[in-house]
1. Which three numbers, in whole Å and largest first, are the semi-axes of the equivalent ellipsoid of chain A derived from its Cα gyration tensor as √(5λ)?
2. What are the semi-axes of the equivalent ellipsoid for segment A:1-60, taken as the square roots of 5 times the Cα gyration tensor eigenvalues, largest first, in whole Å?
3. Using alpha carbons only, how many angstrom separate the centre of segment B:1-69 from the centre of segment A:14-38?
4. In nm, give the distance between the simple-model label positions of residue A:47 and residue A:98, each being 7 Å from the Cα along the Cα-to-Cβ direction.
5. Taking θ = phi - 60°, what integer Hz values does the Karplus form 6.51 cos²θ - 1.76 cosθ + 1.60 yield along segment A:49-64, in sequence order, with x for Gly and Pro?
6. Positive end of the charge dipole of segment A:1-111 (Lys, Arg +1 and Asp, Glu -1 on Cβ, about the Cα centre): tell me which of A:73, A:11, A:33 has its Cα farthest that way.
7. For A:42, A:98, what ranking results if the residue with the fewest other Cβ atoms within 10 Å of its Cβ goes first?
8. Taking just the alpha-carbon atoms of the protein assembly as shown, what radius of gyration and Dmax come out, in angstrom?
Amino acid sequence: MFAGKRLSKELAKMQGHLPPGITFAKSDNLEEWQMDIRVLDDNPLYQNQIYRLKFTFSQKYPIEPPEVQFISLPASHETPRPIPIHPHIYSNGIICLDLLSTAGWSPVQTVESVCMSIQSMLTANTRDERPPGDSDFVSYNKRRPRDINFQYDDDNV
Amino acid sequence: MKVTFKEWNAVATWRWDMPDDDVCGICRVQFDGTCPTCKFPGDDCALLLGKCGHSFHMHCLMTWIQQEASKGLCPMCRQKFEWKGNEEDGNATQNTQDITQDTTQDIQA
């Protein structure tokens, strides 16, 4: 009830206007939305590339954070979408960002503000690397992103 | 000519003293509208004005404050959320813990 009303408000607002580099990709229902983002400056790591974010909302959104991760669409797809390289983004698309955790979330955040935070997280990055332990994490992780206790120990990127 | 009133009905309107386009940051509904848990706006769906300058529908803020993860903080500025009470009553401020207790009593009553 809470989530549905709030999401319809956000959807209506987004159909009017979104910040540059952020576009609405699709939503088959109100529980899952996909957004496309691209970096606006000429950061060579992300040039000419569009990335797809998947938002999954619980009934308690926006009191609880949405689950947000990158998803990939193969190069053969009509709209190919890779997973951006970043020291806080695992190669399976899971993002380590404190505002997406229960502890860092605030109910005044929106899909738009989360997209902008992730966009600026990419813009600011200069490191062509995955998080430490990426291959192990990707092979063994069966948990959902919000159940993972990330250590937000790196304030530099 | 003498006129006698047999019956009259008084009608009045009121609104929150807030800018028209201001929305509650939690539910994104205008302050004059009602929060998502209420059917009608008005006295039963009050606003809370925070000492930090941020306002919300009372029900929206309480839903947030009752989450352990909120730590009692304002969703906008992450300062402790304390609301401006009615200064004339001598209750200049009341913190969210008191509100939580009041709400609980209401529910029990």
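1. Values: eigenvalues 110, 76, 46 Å².
Value: 23, 20, 15 Å, ordered largest first.
2. On the way: eigenvalues 138, 31, 14 Å².
Its equivalent ellipsoid spans semi-axes of 26, 13, 8 Å.
3. What the calculation gives is 31 Å, centre to centre.
4. In this crude label model, residue A:47 to residue A:98 measures out at 3.3 nm.
5. Those phi angles translate into 10, 10, 10, 10, 9, 10, 9, 10, 10, 8, 4, 9, 4, x, 5, 9 Hz.
6. A:11
7. Working: A:42 8, A:98 13.
Ordered from fewest to most neighbouring Cβ atoms within 10 Å, A:42, A:98 come out as A:42, A:98.
8. 23.1, 97
Read the figures in this text as sums done on the coordinates, not as results from a lab. All figures in this text were calculated on a predicted structure; none of them were measured in a lab. With ideal geometry, Cβ positions are generated from the backbone for all residues, glycine too; neighbour counts draw on all protein chains shown.
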